[in-house]
Amino acid sequence: IFAKTRAKGEWIKHGKALFMRGGKLAFDVGWVGCINGRTRITDNKWHHVAFTGGNPIRFYVDGKPDAQGTLGGEADPKGSVLKIGWTSTSFPDGGNRFQGRMDNLRIFGRVLPAGEIKAMYEKKKAPAGQIAHLKFDGTCDDGSGGLNHAVPEGKHSFGAGMSGKALSLAGGHLV
């Protein structure tokens with residue numbers, strides 16, 4: 001789903017990735033460990049997925065807690081970039097490319113508590129502290145006014161989303 005690692009090349013020590021394994025969420029810190037979710041989300045239905053970093057790391061699916069765990073690790077490796085839909089050429093278990101549709105990716109500058117994640121899923125209230133919102137309504141613009149430069153690579157298109165359009169990835173990605 002997303003990764004924080006080198007822009008190109010193989011998976012690296014302390015690289016970070018939220019991805020799908022066996023139809024469930026997983027979060028890996030390179031050569032440190034992996035946390036695995038419990039809820040299958042590869043059922044051809046839309047799901048609201050939330051991930052919070054920190055200690056503990058938590059996953060939420062459709063507003064409900066899914067899994068949590070603690071991983072050590074260091075700061076993001078030097079030169080890391082945020083990748084959407086892609087990890088690296090050598091990421092384990094075939095989780096290196098997201099295939100499917102993604103809509104309304106939001107990034108916050110703080111760890112959201114469970115209540116705010118549930119409210120966002122129920123579309124009751126948008127939490128404070130949002131630093132990026134990628135709507136994917138036919139473009140890769142994140143609304144930052146040009147501060148971030150997402151570059152689409154590989155096979156991607158835009159299709160029907162939860163609201164408007166969604167990014168459709170079939171082996172493509174954004175760096």
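Testing Asp66 on (1) touching a Leu at 6+ places or on another chain (Cβ under 8 Å); (2) touching a residue at least 60 places away in the same chain (Cβ under 8 Å), one condition comes back false. Which one is that?
Failing condition for Asp66: (2).
Determine whether Asn96 is in contact with a Lys or Arg (Cβ under 9 Å, 6 or more places away or on another chain) and either open to solvent by 50 Å² or more (accessible area, probe 1.4 Å) or under 14 Å from Leu18 (Cβ atoms) (or both).
The answer is no for Asn96.
Of the conditions (1) surrounded by 14 or more Cβ atoms within 10 Å (Cβ to Cβ); (2) closer than 19 Å to Leu167 by Cβ; (3) out of contact with any helix residue (DSSP H, G or I) (no Cβ under 6 Å at 6 or more places or on another chain), His48 fails just one. Which one is it?
His48 satisfies all of (1) surrounded by 14 or more Cβ atoms within 10 Å (Cβ to Cβ); (2) closer than 19 Å to Leu167 by Cβ; (3) out of contact with any helix residue (DSSP H, G or I) (no Cβ under 6 Å at 6 or more places or on another chain) except (3).
Among the candidates Gly37, Gly72, Gly85, which residue alone is over 12 Å from Lys16 (Cα atoms) and modelled with pLDDT under 85?
Going through Gly37, Gly72, Gly85 in turn, just one is over 12 Å from Lys16 (Cα atoms) and modelled with pLDDT under 85: Gly85.
Taking the stretch 14-51 on its own, how many of its residues are of a type in the set (A, V, I, L, M, F, W, C), more than 17 Å from Phe91 (Cβ to Cβ) and in contact (Cβ under 8 Å) with a residue 60 or more places away in the chain?
Qualifying residue count, the stretch 14-51: 2.
Do you know which residues across the stretch 18-49 are part of a loop (DSSP other than H, G, I, E, B) and among the acidic types (Asp, Glu)?
Listed by number, the list holds a single entry, Asp43.
Which one is nearest to Ala160 (Cα to Cα) among residues in the stretch 1-17 that are part of a strand (DSSP E or B) and open to solvent by 30 Å² or more (accessible area, probe 1.4 Å)?
Per the stated criteria, the residue is Phe2.
Among (1) open to solvent by less than 50 Å² (accessible area, probe 1.4 Å); (2) under 17 Å from the mean Cα position of the chain (by Cα); (3) not aromatic (Phe, Trp, Tyr), there is one condition Gly22 misses while meeting the rest; what is its number?
(1)
Within the stretch 80-94, restricting attention to residues that are among the small types (Gly, Ala, Ser) and in contact with a Ser or Thr (Cβ under 9 Å, 6 or more places away or on another chain), which residue is nearest to Gly37 (Cα to Cα)?
Going through the qualifying residues, I end up with Ser88.
Write out, first by first residue and then by second, each pair whose Cβ atoms fall under 9 Å of each other, whose residues are 6+ apart or on separate chains, and whose first residue, in the stretch 112-134, is within 15 Å of His48 (Cβ to Cβ) and buried (at least 17 other Cβ atoms within 10 Å of the Cβ) while the second is modelled with pLDDT of 95 or more and of a type in the set (Gly, Ala, Ser).
Listed pairs, sorted by first residue: Leu112/Ala50; Ile117/Ala50; Ile117/Gly63; Lys118/Gly63; Met120/Ala50; Met120/Gly63; Tyr121/Ala50; Tyr121/Gly63.
Considering only residues of the stretch 99-111 that are of a type in the set (D, E, K, R) and open to solvent by 40 Å² or more (accessible area, probe 1.4 Å), which is modelled with the highest pLDDT?
Filtering first and then ranking leaves Arg110.
The values are calculated or read from the model by the stated rules, or taken from the named source; none is laboratory data. All values derive from a computational prediction rather than experimental measurement. Virtual Cβ from ideal backbone geometry, glycine too; neighbours counted across all protein chains shown. With ligands, DNA and RNA removed, areas are computed over all heavy atoms of the protein, side chains included. Shrake-Rupley method; radii C 1.70, N 1.55, O 1.52, S 1.80 Å.
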